[in-house]
Amino acid sequence: MAVDGNIDLLRLAQEYTAAWNTGSPDAVAAFFSDDGQIVINSGEPWLGRSGVAEMAAGFFAEVPDLALVCEGVRRSGSHGIYLWSFTGTHIAHGNPIAIRGWEEWDLDGVGAIKHSRGWFDADDYARQAGV
């Protein structure tokens, strides 16, 4: 993911997308540093790889057929923006879901995600899910 601190953000994003598409919370968490964290829509942070795995497991539980697509990246030094969309079926109501969002990443020197701030329209998600 990184050579001499030169982070290939597109490659990182493609591999991160592939990890989400495995349905494995641990595969997602592996992209974070040991002390990494993710915050979604200004909520409480999910801390460490175990917290990130717990967050991903929650998405997989609600949308087990979640299919993520990388829609683009932007980079400035050790900071990146990962644009994404996902589709799937909400397990509780069987409703189709199509959501777009992004993550703002702070990367460490070897290309692991140290901090991620994720954003999506939670009201639209709830409306589509029927919850």
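What follows is calculated from the coordinates using simple rules that are stated; it is not laboratory data. Only a predicted model underlies this, so the values are computations on that prediction, with no experimental measurement involved. Using ideal geometry, Cβ is built from the backbone for each residue, glycine included, and neighbour counts are taken over all protein chains shown.
One table, with the values for the structure above:
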quantity	calculated
Positive-end extreme of charge dipole, the chain - chosen from Gly72, Ile38, Ser116 (charges on Cβ)	Gly72
Alpha-carbon spread of segment 38-131, three principal axes, descending order, Å	43, 27, 22
Leading residue at positive end of dipole, segment 2-129 (Cβ point charges), from Ser24, Gly51, Pro96	Pro96
Kyte-Doolittle mean at least 0.0, axial Cα span of 20 Å or more - DSSP H helices of the chain	48-62
Sites Thr87 and Ala30, calculated FRET efficiency, Cβ-Cβ separation with R0 35 Å, nearest 0.05	0.90
Mean separation of Cα contacts under 8 Å (6+ apart) over length of the chain, as relative contact order %	25
Surrounding net charge for Thr87, when Lys and Arg each add one and Asp and Glu each subtract one, Cβ distance under 11 Å	0
Within the chain: Cβ-based charge dipole about Cα centre, in debye rounded to nearest 20 (Lys, Arg +1; Asp, Glu -1)	220
